[in-house]
Amino acid sequence: MQQQVHIGLAGFGNVGAGVFKNLANNRVLLMERLGLELVVKKIVVRDLKKKRDVAAPDNLFTSRWEDLIDDPNIKIVVELMGGLEPALQLILRAIERGKIVVTGNKALLAEHGQEIFDAAQKYKVPVFFEAAAAGGVPIIKAVREAFVGNHILSMHGIINGTCNYILTRMTESCMSFEDALREAQEAGFAEADPTLDINGWDAAHKAIILASLAYGFWVGTEKVYVEGIEKVTAADIRFAKQLGYRIKLLAIIKAGPRSEIEVRVHPTLIPQSHVLASVNGVFNAIAVNGDVVGETLFYGRGAGQDPTSSAVISDLAEAAVALESPRHNYGFTPHGLYGTCRPIEQIVSQYYLRASVVDKPGVLAQVAGILGELNIGISSVIQPEEHEPDAVPLVLMIHDATNAQMRDAVDRISKLESVKRPPRLIRVETFAA
Ligand code: HSE
């Protein structure tokens with residue numbers, strides 16, 4: 001008879017039910033690999049009467065999360081409730097009681113990671129969170145374990161499937177943002193309320209987790225620059241294509257000089273020859289560059305019942321092993337080699353700038369004049385053969401400049417009489433080391 005490890009599962013939504021289902025489906029394989037049996041002993045749900053797609057015995061269900069804390073036989077608590085409370089209380093109380101925690105709650109970790117991992121260090125209890133970034137893609141364990149001997153030079157991630165689906169449909173089928181979003185919702189890829197997806201914050205929560213893990217200090221939400229995809233137009237996607245680029249919502253995480261890092265999420269032009277430009281639909285991918293390993297790429301499904309439960313089960317296996325042989329790693333190991341985030345104003349990038357200008361001679365010279373006065377170089381200019389009702393588009397590709405320089409440039413260009421609407425600025429990533 002195999003030894004059993006008892007698990008308390010908080011949340012039986014899409015992912016929680018998937019964990020229960022896949023633990024049962026792959027029970028024998030897991031027992032063979034782990035030498036023990038992972039057994040769900042209690043499941044916390046909000047509504048005991050709700051009809052469920054995945055069947056579980058009635059006697060497992062409770063509506064009180066405290067039941068997981070009070071049961072001394074439950075050694076691992078899996079938090080898949082989502083939201084900040086009572087998830088935070090559950091996790092902190094579980095840690096205090098010495099129960100290993102597994103969570104997929106990216107928003108909670110982004111907001112309260114410091115507090116959670118302070119508690120984990122204090123009580124010497126691991127908190128595992130593979131499902132909190134990029135779903136089934138094992139990027140957390142890669143950064144934490146496989147790259148333990150590397151300084152992470154950079155990570156570039158397409159880590160929101162909803163946005164990637166929308167941008168892919170806009171690119172491949174010339175759809176508007178609104179139509180592509182509607183299609184994503186109808187296909188069940190986007191949430192009924194997709195606000196956090198399209199405003200960039202779902203990706204930012206994941207970027208915060210990845211950056212914190214890579215650089216050893218918990219990155220505050222206020223330190224991260226975030227811009228969503230709401231303002232990306234079909235025209236921008238067309239013009240970017242003409243210039244040899246794709247537009248992606250990209251999370252960019254980089255080590256800077258000294259102990260500084262940069263963490264930002266925004267629509268980004270990436271060269272169509274770069275491998276991330278071919279990551280389409282709901283897929284996620286993260287390119288990690290380590291000083292020892294060099295370039296690596298992780299690709300897969302970032303959401304969905306089975307991919308996400310695969311990540312949770314990998315954490316459960318690690319937790320079960322950690323129960324047997326306690327160790328130094330509590331999921332996140334703080335260190336002092338890095339510690340500050342560079343403000344967006346100081347970050348240097350290249351840019352795509354699209355202005356709607358009146359169709360008369362001299363306008364390009366006015367725009368170029370402003371850029372020249374601000375010491376900003378132009379690398380190319382196109383005037384696509386398209387007409388807006390009162391204007392024509394003028395697209396400039398801009399050499400390296402700080403975000404502060406470009407903000408001033410956009411302010412001044414907006415004020416020109418010949419410029420009809422505030423110009424659209426999208427950053428360009430060239431992946432130069
Ligand atoms: N809604 C997210 C996405 C998955 O579209 O990638 C959960 O973070």
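Per residue of the chain, what 222 nm ellipticity follows from adding -39500 (n - 2.57) for every DSSP H run with n ≥ 4, rounded to the nearest 500?
Values: 13 runs with 147 residues, N = 433.
Mean residue ellipticity at 222 nm (helix-derived): -10500 deg cm²/dmol.
Based on the Cβ-Cβ distance of Glu96 and Asn329, what FRET efficiency does E = 1/(1 + (r/R0)^6) give at R0 = 25 Å, to the nearest 0.05?
Between Glu96 and Asn329 the formula returns 0.80.
For a 23 Å ceiling on Cα separation, which of these pairs sit above it: Lys206/Lys248; Lys106/Lys248; Lys75/Lys124; Lys21/Lys50; Lys206/Lys254; Lys51/Lys206?
Correct reply: Lys51/Lys206.
What does the convex hull of the Cα atoms of the stretch 90-208 come to per residue, in Å³, rounded to a whole number?
About 130 Å³ per residue, rounded to a whole number.
How much FRET efficiency would the formula 1/(1 + (r/R0)^6) give for Asp47 and Lys141, where r is the Cβ-Cβ distance and R0 is 25 Å, rounded to 0.05?
E(calc), rounded to 0.05, equals 0.15.
Between Ser63 and Thr296, what is the label-to-label distance in nm when each label sits 7 Å out along the Cα-to-Cβ direction?
4.6 nm
Please give the Cα centre distance for the stretch 362-388 versus the stretch 248-274, rounded to the nearest Å.
25 Å
Which of the three applies to the stretch 269-364, rounded, prolate or oblate, going by the alpha-carbon gyration tensor with a ≥ b ≥ c and a/c under 1.5 meaning rounded?
prolate
Under a crude label model (7 Å from the Cα following the beta-carbon direction), how far is Ser278 from Glu417 in nanometres?
Placing both labels 7 Å beyond Cα along the Cβ direction yields 5.2 nm.
In whole Å, what are the extents of the stretch 139-302 along the principal axes defined by its C-alpha atoms, from largest to smallest?
Largest to smallest, the principal-axis extents are 45, 32, 25 Å.
How large are Rg and Dmax for the stretch 146-195 when calculated on the C-alpha trace, in angstrom?
For the stretch 146-195, the Cα radius of gyration and maximum Cα-Cα distance read 15.4, 46 Å.
Starting from the Kirkwood Rh over alpha-carbon pairs, what translational D in µm² s⁻¹ does the chain have by Stokes-Einstein at 20 °C and 1.002 mPa s?
92 µm²/s
Using a Förster distance of 22 angstrom, determine the FRET efficiency expected from the C-beta separation of Asp118 and Asn14, and round it to 0.05. If you can, show how the numbers build up before the last one.
Working: r = 30 Å, r/R0 = 1.39.
With a Förster radius of 22 Å, E is 0.10.
Ordered by packing density, taken as the mean number of other Cβ atoms within 10 Å over each peptide's residues, highest first, how do 152-164, 86-98, 208-220, 231-243 rank?
Details: 152-164: 25.5, 86-98: 19.2, 208-220: 23.5, 231-243: 17.5.
Going by the mean number of other Cβ atoms within 10 Å, highest first, we get 152-164, 208-220, 86-98, 231-243.
Sorted from largest down, give the three principal axis spans of the alpha carbons of the stretch 231-277, whole angstrom values.
Result, largest extent first: 39, 24, 13 Å.
If you build the Cα gyration tensor of the stretch 346-428 and take the root of 5 times each eigenvalue, what three semi-axes come out, in whole angstrom, biggest first?
Working: eigenvalues 84, 32, 25 Å².
Largest first, the stretch 346-428 gives 21, 13, 11 Å.
Bin width 10 Å, origin at 0, all Cα-Cα pairs of the stretch 1-59: what percent of pairs per bin?
21, 52, 23, 4
Work out how much length Thr221 to Asp306 would gain on full extension: take 0.36 nm times their residue separation and subtract the Cα-Cα distance, in nm to one decimal.
27.7 nm
Note down, for the stretch 170-266, the three equivalent ellipsoid semi-axes (square root of 5 times each alpha carbon gyration tensor eigenvalue), biggest first, whole angstrom. Mind dumping the intermediate values first?
Numbers: eigenvalues 166, 62, 17 Å².
Working from the Cα gyration tensor, I get semi-axes of 29, 18, 9 Å.
Readers should treat all values here as calculations from the given coordinates under stated rules, not as data from a laboratory. Note that this is a predicted model, so its numbers are computed, not measured. Neighbour counts run over all protein chains shown; Cβ positions are idealised from the backbone, glycine included.
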